[in-house]
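The values are calculated or read from the model by the stated rules, or taken from the named source; none is laboratory data. Just so it is clear, the model here is predicted, and its values are computed rather than measured. Cβ placement follows ideal geometry from the backbone for every residue including glycine, while neighbour counts extend to all protein chains displayed. Just the protein is used for accessible areas: all its heavy atoms, side chains included, with ligands, DNA and RNA removed. Shrake-Rupley method; radii C 1.70, N 1.55, O 1.52, S 1.80 Å.
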Amino acid sequence: DQQVKQNSPSLSVQEGRISILNCDYTNSMFDYFLWYKKYPAEGPTFLISISSIKDKNEDGRFTVFLNKSAKHLSLHIVPSQPGDSAVYFCAVLNQGGKLIFGQGTELSVKP
Amino acid sequence: GAGVSQSPRYKVAKRGQDVALRCDPISGHVSLFWYQQALGQGPEFLTYFQNEAQLDKSGLPSDRFFAERPEGSVSTLKIQRTQQEDSAVYLCASSLGTTGYGAFFGQGTRLTVV
């Protein structure tokens, strides 16, 4: 049973435009939501997070939005840069303290 | 080094062979996690240690998988009698606190069972 879903396996965006990556989850009890970024042959690296008491968190070009009623979160990257090309994983922190990941979305930013 | 270190980076094993994968977490990190990542999928939780105590091993796929962290630092994931379905990238992560929030990941060990 997939608790965290990223329904788009890939996304292609022009440099300078906005990238929007989406994630859905099933359990309304999750408290923290995170985005990780992964380059080939490297481990995932933490990018940005949001707690369930907020609906938006911004860090430079990256903004995460949380819609608790829809059990949906999204990551916005503005403006997108070629160096942003990577696989992005959405993750939730469950009550047991472990991270549960989605399947990932591969972002390609074209110059 | 300052990050999570995993070795070997690549391992090819013949079916039926035993393998041991090592993880050196960031010094002082309390929590250590093992994940399995199949091709095109997200990391799947295997097991979790808080210091030397294995608090959750619910993700281990079978009794062929065994993990330990005897001194609360370095951890080893052992897979006995490897099968082709064990082929994956095995990721280790550590965090300073008692949860996986903001955990730092190693580069992973790519295991190929032939």
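Can you give me the orientation-averaged projected area of the convex hull built on the Cα atoms of the protein assembly as shown, in nm²?
About 12.3 nm², averaged over all directions.
Give the calculated FRET efficiency between residue A:110 and residue B:84 to the nearest 0.05, with a Förster radius of 30 Å applied to their Cβ-Cβ distance. Could you put the intermediate results ahead of the total?
On the way: r = 37 Å, r/R0 = 1.22.
Approximately 0.25, to the nearest 0.05.
Exceeding 28 Å between C-alpha atoms, which entries from my cross-link table qualify? They are A:38/B:11; B:14/B:57; A:38/A:110; A:54/A:110; A:37/B:57; A:71/B:78.
A:54/A:110; A:71/B:78
Report, by chain and number, residues whose modeled amide H sits under 5 Å from the one on residue A:23, excluding near sequence neighbours (fewer than 5 apart, same chain).
Those lying under 5 Å, H to H, from residue A:23 are A:73.
Going by amide H atoms built from the backbone, whose H comes under 5 Å of the H on residue B:3, apart from near neighbours?
Long-range HN contacts for residue B:3: none found.
For chain B, compute Rg over Rh where Rg is the Cα radius of gyration and Rh is the Kirkwood radius from the inverse mean 1/r over Cα pairs.
0.94
Summarise the long-distance tail of P(r) for region A:62-105 by giving the % of C-alpha pairs beyond 11 Å.
Of the Cα pairs, 75 percent sit more than 11 Å apart.
With solvent modelled as a 1.4 Å probe, how much accessible area in total do chains A and B shield from it at their shared surface, in Å² to the nearest 100?
The summed interface area works out to 1500 Å².
Expressed as a whole number of Å, what is the distance separating the alpha-carbon centroids of region A:55-111 and region B:76-114?
With region B:76-114 and region A:55-111 each reduced to a Cα centre, they are spaced 22 Å.
What spacing in nm lies between the two simple spin-label points modelled at residue B:51 and residue A:14, each 7 Å away from Cα in the Cβ direction?
5.8 nm
What percentages, rounded to whole numbers, describe P(r) for region A:1-53 computed over all alpha carbon pairs with 5 Å bin width beginning at zero?
Once binned at 5 Å, the Cα pair distances of region A:1-53 give 4, 13, 19, 26, 22, 9, 5, 0.
Translational diffusion coefficient, Stokes-Einstein: compute it for chain A using the Kirkwood radius over C-alpha pairs as Rh, at 37 °C and 0.692 mPa s, and state it as an integer in µm² s⁻¹.
Details: Rh = 13.9 Å.
The calculation lands on 235 µm²/s.
Over chain B, give the accessible area per residue in Å² for a 1.4 Å probe, as an integer.
Details: 5600 Å² over 114 residues.
Value for chain B: 49 Å² per residue.
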